Ligand SMILES: Nc1nc2c(ncn2[C@@H]2O[C@H](COP(=O)(O)OP(=O)(O)OP(=O)(O)O)[C@@H](O)[C@H]2O)c(=O)[nH]1
Ligand SMILES: [Mg+2]
């Protein structure tokens with residue numbers, strides 16, 4: 001892209017940044033933080049510790065007709081002791097990823113409770129997608145929840161459904177992008193076009209992310225708080 005076009009783009013962008021807030025919910029250890037890490041930085045850090053409080057990462061997704069779209073993805077603790085934070089967490093959220101672990105029956109049962117909490121605390125128009133994470137472990141005896149059960153639960157509650165692996169990257173882009181599209185359908189025309197571009201813009205990048213090998217940054221990160229793990233993520237606790 002020429003310098004002239006870059007300049008033009010910067011001018012066009014002025015005042016046209018659409019920030020959409022998304023939240024992740026689900027039991028502790030289902031992989032919420034790893035999904036955010038995969039989506040925002042294409043990284044998987046196998047030994048990270050449980051989230052304390054809440055934090056968010058942002059990722060800018062597309063340019064379209066002078067509009068920029070920023071996904072602000074909020075991640076919170078699945079642990080019970082942090083549940084008093086919930087109202088602030090849901091405020092302004094336009095989409096939610098409801099995550100369970102396909103190798104944990106308890107986390108799938110827990111998803112019902114999380115869905116109730118979304119319905120009780122979030123805006124009534126929030127788009128909710130059900131995500132069965134750790135599909136890389138779902139091929140054998142470790143699987144505790146079938147794909148059909150995930151589909152049935154999602155259909156019964158008007159949710160999109162996808163199985164993902166934060167470890168391999170499989171379907172992580174798809175999960176976020178489909179949720180963004182679901183939200184975009186509820187937005188005014190200008191924002192809708194911007195969000196539509198998200199899906200079209202860098203399909204190649206999405207495919208690359210989906211097949212990316214497990215990336216381990218700087219060896220193991222045991223006992224490292226998950227806050228501020230990249231330049232483009234921000235912390236709010
Ligand atoms: N095999 C596999 N392991 C995963 C995957 N996603 C996360 N994990 C592992 O599962 C554990 C929990 O992941 P986290 O992302 O910290 O879970 P969380 O949902 O954020 O948990 P809380 O912060 O306690 O609510 C970690 O050991 C991760 O490495 C995945 O897709 N596949
Ligand atoms: Mg976490």
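Would you work out the Kirkwood radius for region 2-186? I mean one over the mean of 1/r across all pairs of different Cα atoms, in Å.
One over the average 1/r among Cα pairs gives 17.0 Å for region 2-186.
The length gained on full extension between residue 28 and residue 141, counted as 0.36 nm times the residue separation minus their Cα-Cα distance, comes to 38.5 nm. Placing dummy labels 7 Å off each Cα toward the beta-carbon, the span from residue 88 to residue 148 is 4.5 nm. Arranged from fewest to most other beta-carbon atoms within 10 Å of their beta carbon, 75, 136 become 136, 75.
Projecting label points 7 angstrom from Cα along Cα→Cβ for residue 19 and residue 80 puts them 3.5 nm apart.
Every number here is computed from the coordinates shown, using simple stated rules; none is lab data. Computed from a predicted model, the values in this text were never measured in an experiment. Note: ideal-geometry Cβ built from the backbone for every residue, glycine included; neighbour counts use all protein chains shown.
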